[in-house]
Every structure is written in C-alpha cells, then in structure tokens.
1. Using label points projected 7 Å from each Cα along Cα→Cβ, tell me how many nm separate Ala74 and Ser209, to one decimal.
2. What residues of region 47-86 lie in the reach of a label at Arg17, counting those whose backbone N is under 20 Å from a point 7 Å from the Cα along Cα→Cβ?
3. 7 Å from Cα along Cα→Cβ at both Leu35 and Arg218: what's the point-to-point distance in nm?
4. Going by amide H atoms built from the backbone, whose H comes under 5 Å of the H on Ala20, apart from near neighbours?
Amino acid sequence: MSDPAGAVPLRSVTSGRGGALLFLHAFGLTPLTYLRTIDLLALSARVIAPWLRPPGGRWSYARVVDSVIATLDAEEVATATVVGHSYGGAVALSVAAAAPARVSELVLVDAMGLSPGRARMARLGLKPSHLRNYTRLAPARDFVSWVAKHPRDAASTAWWAWGCDLVEAADAVRAAAVPRAVLWAEGDSLLPPALGQDLADALDAPFRSVTAGSPEERLDHDWAYRHPRRFADELASELGTLSPATRSGAGAASG
C-alpha cells in the first residue's frame, strides 16, 4: 500500500478549534461541496478537509492515503477523529490501517470498502436516483471540473473505487482496536445498507442505519452534504458512543 516517496500534503479546508477531525469527501467531489457540513462540525472541532487529489504525478490509491497522513503531519496533528464519506470512507479505512496510532476514532459513512463487484457498482451508480445527485450545482461543478482537467485520474479513481476490496485494511483496524463505527443512510440508493452491514461485520464494528425523520426528509447516499444539520447531529451522537470509556474495543459497543 505505502508510497511515501509520492506523498505530499494536500490542499485543505480548515475551520474551527478543538480536537482535530479529519473529514474525507466522496468520489468526484471536493470539500467545497460540504462547506455547510464543515461549518457545523467546526463548532466543536478543528476540521481538516483535504482534496483527495495529490498534485503532480500519476494517480495511485497508495499515494492518496500517504498524502492524507502527510497532511496530518503538515497540520501538526498527532491524532484525529477520522470521518470518511463514500470513497472518502475507503481512504479513511486505509489511513486507519496504515497509521492506527494517528486515529482516535474512525467513522465510515455510506462508505466504499467492500465492493460487490464492478458490474453491480456500475448498475447502482447509473440509477437515476443517484445520477440526480450530480445535477445539483455543487456536485456538478466539482465533478465536471475534475473530469475536464484530469480525465485520466478521474477514470483511474473510479475504476479503483468500484472494485476496491479492503478486507486486509479492515482486519488491520480491528486488530489495532481503533475505536470505530459505521453510519449509513437507510435510503442509500448507491450503496444499499446491506453493504454497510457487511463492512461493519468485517470491522467488528457497530452499525447504525439512519432513518428519515419525516416523509418529506429523504436520506440518500448524499445526505452528508444535502442534510448538514442532520448529519452533524448523527455524527456527534455516533462519536459519543466511542467515548474513552468504550475504547477498549469497538466491538463491545455493538453488543
């Protein structure tokens, strides 16, 4: 996995004061899509939200992971709560596997990590309900700009993400006893909750499916930026279950 020679600190949005919270964005997006979410998280933490695109050189997943760790170094962060959404969840899992001592808590949100296979991922990704997410201004802006400027990197990232199988990383995180949890939107049409339960099982971690609070509220794969207040509240609740009193083993929290 490791590619330290190609690691570089990443451009990041930073906001807030307090304990460090590293927030990793979804495929095709940037931290700018999550600005309202970041503002809420920054009320109680120092949020660091990097662009998961190392500048220069060819794209590789190992380089992304090592560059995230280099970003913690550059920000002089010894340990951080690490939260990853979708593709960012896969990166967060690998960061925790590569440097478990740097991760005080790990929360994977509607995360990639255990692929059901590229063919099924393609079918899920091409569902109209998911494609509509990219017609909204912020996601469309980020995605189109990235593909236009870096088509090879975009294709390489997508090919990797749709087929990623991070069983060994999950084993390493479980063995290192990193406090961990898996949080999922009940209505996720891209990565159905059953995939989240499989990921939680691989991690021996608590799994929580978040339900809509009303018929008008629709929580889908994009809820981390579409419903920032709800997401911030649910994340705070999840992190509360991973308090120091429960850190002897995340599996105990799922019992």
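1. It works out to 4.0 nm between the two label points.
2. 47-49, 75-81
3. Once both label points are built, they end up 2.5 nm from each other.
4. For Ala20, whose amide H was placed from the backbone, the distant partners under 5 Å are Arg46, Thr81.
Since every read-out is calculated from the coordinates, none of them should be taken as a lab result. Keep in mind the model is a prediction, meaning the values are calculated, not measured. Don't worry about glycine lacking a Cβ; one is built from the backbone with ideal geometry, like all the others, and counts go over all protein chains shown.
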